[in-house]
Amino acid sequence: MSEALHGQIEHITFTNEETGYTVARLRVEGSDATVTVVGNLLATTPGEVLRMTGEWVNHPRFGRQFKVESAQTAVPVTGEGMKRYLGSGLIPGIGPEMAERIVHRFGDDTAAVLEREPHRLEEVPGIGAKRRETIAHAWEGQRAIRDVMVFLQEHGIGTAFAVRIFKRYGHRSIAVVRENPYRLASDIPGVGFVTADRIARKMGFAKETPARIQAGILYVLHRLAEDGHVFYPHPDLLERCHSILEVGPERVAEAVDAVRRKERIVVESLPAEAGAPDASAPAVYLSGYHRAEVGVARRICELLLSPAGFRIRNPEAAVEWIRKRLPFELASLQVQAVRHALTSKMLIVTGGPGTGKTTIVNAVLRIFRHHGASVLLTAPTGRAAKRLTETTGREAKTIHRLLEFSFQKGGFQRNEERRLSCDLVVVDEASMIDILLMGQLLRALPDRATLMLVGDASQLPSVGAGNVLADLIDSRKIPVVELEVIFRQARASRIVVNAHRIHDGRMPLQPREGEASDYYFIEKEDPEQVLSLILRLVSERIPSKYRLNPIGDIQVLTPMHRGVCGAARLNQELQRVLNPRGAEIFRGDRVFRTNDKVMQLRNNYDREVFNGDVGRIRHIDPAAQKVAVAFDRGTVTYDPAELDELALAYAVSVHKSQGSEYPAVVIPLLTQHYILLQRNLLYTAITRGKQLVVLVGSRKAVRIAVHNDRPNERFTGLRQRLVKQAP
């Protein structure tokens, strides 16, 4: 239950100027007692009086603290309080000695003089006209900050968001929020439309306010993009917005047109091949996604029409050269893929596990390097790039690193104005590339370069919007080699065999009694029993039998976030069993501990950590509320306001596991996951395991997933654009 606390700041122990997070000692009003307060406090200084709401908590290391939910600043009312306030360095031109003189002259009226009669400051020895103006201006600035914070908090904006808003708008904050609170949804990270709408409604904005409907349309389109859609059909968008915003369709249609005129969205009629329920319906794009999709189609056309800068004069001789140097015979499709890489500007190599994709990549690399060509290797994620490095023996970078992304310099430094220098670019795990990232990569590719995309088209599509690899394959404008035969050495793996059975719509095979296997299915119907068994498997049975580290080597993959066997509950229980002790920090109802496995939830370009990156917490500073996480690329330190970017990763969704491989994978699959029981989801989950896959759950759920070959539809226009534009 929230309590009130009033007092004056005695000492600042720690503050983060970017986030406003502060640890301070506060002298409680009306007593000599001092307490520790922690929370988001903007521009707090010693001597400042705070009126706060929050709750008392017991920190395991630092004892009793007051955790601030909201805080309002007030001018000290006593001369002694004002002396500490002014002497803190808050006001330029006033130090402790000058503060003593001012308060000596005006006593308890000091605040009133600064507020209403600043000219009287010249009555104080040592203050002339220039110094008086400096002091008055600084006082006015501090008052403006207080006014902004009070205004924002009065309208239901918490201290953390108030800090971000003031950082963004400064002294214009009140005017901006009063005029159009929906700007917060697009300008302030983390606010979102729902929060902005709540603030606006509290301020008296009506449901049918044009600014509200326009912001709501952008909100809906962003949510649809998060679900994978590059565009959404116009009638369906109107219906969704009507349902969410609770305004008439005609109002939504007017707002769509207004947002289009502002160039925030693009409304376009696509060719009949769109594949949407109503193919003739106009497609509504967020402007950035439209630019990306149009740019990808155009750039592919340009690359296909441009001559290769590097040509091997006798491709057949080069193929024979590599065949003689390999310790095994290339299959006919592998030879075809190598030949295409030597003669085509673009090539897609796709196939399931054990079909020889890595062999093709290594063969092509050896030929190109033997002939003196410049080659670059890349993948969408850090783990995929690391694995590509391990399988080829050559450095591979993430696409972001390859394109030299820099938050400080404003984005990707490699683009059409400063393209990469290379003859061949090989992209692994191409199914993970969304339309925005593909657009950036193609912009940076030189006209002369050959592009080789390698991936498994049967996996789940990218987490971001688009279905790029599938669209490129379906366009039939780029050579595609689809590998289907499992090589002999891979047939010994039941993981590989069962992945292909699932791909073909057949139930996976179980090992016979007593047979050693790398794939097991344990049938359990009750969700609580499945959860209990997973805890034993991860903490005891698998580590004991396979000598694997339960945190570093075993990954639980689940179809859903909620539910008994969803990621949230699994993470809570696995943390309790695998990492019950250590320095910790609380974030809402979550707790992070030293040695926890965690995942980055969104792209943080400033720190070069991206959605899906997994690391381990190496250090927690409870006083500063900072967390240091070790990722493959190095250690990243998170401030309190950034902890929302992290989640426990003992269990992750199958979607988040794309591009990663783990020594052992445990997968719960139950009929309560019905909405997500799809063939490509189960296929993706099983192919994440290298040494061991254990499926726990309902046989009926497995059967549903295997026979459901209708993945969720994504609205994209890339295939149609390629069919229309490409030669």
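The values are calculated or read from the model by the stated rules, or taken from the named source; none is laboratory data. No experiment lies behind these values; they were computed from the predicted model shown. Cβ: placed from backbone, ideal geometry, glycine included. Neighbour counts: every protein chain shown. Accessible surface is based on the protein model in full, side chains and every heavy atom, while ligands, DNA and RNA are left aside. Shrake-Rupley method; radii C 1.70, N 1.55, O 1.52, S 1.80 Å.
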Fill in the blank from the handout: Expected output for segment 48-74 (first residue free of Cβ contacts under 8 Å to residues at least 40 places away in the same chain and open to solvent by 70 Å² or more (accessible area, probe 1.4 Å), partner of a type in the set (V, I, T) and in a strand (DSSP E or B), Cβ below 7 Å, 6+ apart or cross-chain) is K67/V38; K67/V57
Practice task
Provide a single number: the residues in segment 317-376 that are assigned to a helix (DSSP H, G or I) and of a type outside the set (K, R).
Solution key: 28
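Residues checked against (1) of a type in the set (D, E, K, R); (2) surrounded by 16 or more Cβ atoms within 10 Å (Cβ to Cβ); (3) closer than 30 Å to F412 by Cα; (4) free of Cβ contacts under 8 Å to residues at least 24 places away in the same chain:
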| position | (1), (2), (3), (4) |
| --- | --- |
| S532 | no, no, no, yes |
| L537 | no, yes, no, no |
| L548 | no, yes, no, no |
| T558 | no, yes, no, no |
| R576 | yes, no, no, yes |
| M599 | no, yes, yes, no |
| N604 | no, yes, yes, no |
Fill in the blank from the handout: Note on segment 243-275: residues open to solvent by less than 20 Å² (accessible area, probe 1.4 Å), closer than 19 Å to H222 by Cβ and either assigned to a strand (DSSP E or B) or at pLDDT below 90 (or both) are L245, V247, I265
Handout entry: Residues located in segment 285-306, provided they are within 24 Å of the chain's Cα centre (by Cα) and of a type in the set (A, V, I, L, M, F, W, C)
Key = L286, A292, V296
Practice task
Check whether at least one residue in segment 698-716 is within 30 Å of L303 (Cα to Cα), modelled with pLDDT of 85 or more, of a type outside the set (D, E, K, R) and open to solvent by less than 20 Å² (accessible area, probe 1.4 Å), and report yes or no.
Solution key: yes
Practice task
Pairs only if they're at least six apart or on different chains, beta carbon under 6 angstrom, first in segment 418-445 and over 13 Å from N467 (Cβ atoms), second among the aromatic types (F, W, Y) and surrounded by fewer than 24 Cβ atoms within 10 Å (Cβ to Cβ); list them, first residue then second.
Solution key: D423/F310; L424/F368; Q440/F412
Handout entry: Matching residues in segment 225-235 - criterion: being open to solvent by less than 10 Å² (accessible area, probe 1.4 Å) and assigned to a helix (DSSP H, G or I)
Key = A225
Completion exercise
Among R131, R116, R84, the single one that is crowded, with 17+ Cβ neighbours inside 10 Å, modelled with pLDDT of 80 or more and over 30 Å from F586 (Cβ atoms) is R131
Handout entry: Residue check for P668: closer than 30 Å to E525 by Cα and either part of a strand (DSSP E or B) or open to solvent by less than 20 Å² (accessible area, probe 1.4 Å) (or both)
Key = yes
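Is segment 655-662 home to any residue that is at pLDDT 90 or above and crowded, with 19+ Cβ neighbours inside 10 Å?
yes
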Exercise for the section: Filter segment 296-341 down to residues that are open to solvent by 10 Å² or more (accessible area, probe 1.4 Å) and either touching a residue at least 40 places away in the same chain (Cβ under 8 Å) or under 15 Å from R448 (Cβ atoms) (or both), then give me how many there are. Expected result: 19
Problem - Boolean, V35 is farther than 30 Å from H137 by Cα and at pLDDT 85 or above - result: yes
Exercise for the section: Just give me the residues in segment 178-224 being among the β-branched types (V, I, T) and either open to solvent by 40 Å² or more (accessible area, probe 1.4 Å) or closer than 22 Å to R168 by Cα (or both), in sequence order. Expected result: I188, V191, V194, T195, I199
Practice task
Being within 12 Å of L722 (Cα to Cα) and of a type in the set (A, V, I, L, M, F, W, C) is the filter; apply it to segment 458-476 and report the residue that is surrounded by the most Cβ atoms within 10 Å (Cβ to Cβ).
Solution key: V468
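For D621, are the conditions met, namely being at pLDDT below 90, under 21 Å from T381 (Cα atoms) and surrounded by fewer than 16 Cβ atoms within 10 Å (Cβ to Cβ)?
In short, no.
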Handout entry: Looking only at segment 358-383, and only at residues there that are modelled with pLDDT of 90 or more and of a type in the set (D, E, K, R), the one that is nearest to C422 (Cα to Cα)
Key = R369
Practice task
Filter segment 412-442 down to the residues that are within 15 Å of R291 (Cα to Cα) and surrounded by fewer than 19 Cβ atoms within 10 Å (Cβ to Cβ), then identify the one that is nearest to the chain's Cα centre (by Cα).
Solution key: N415
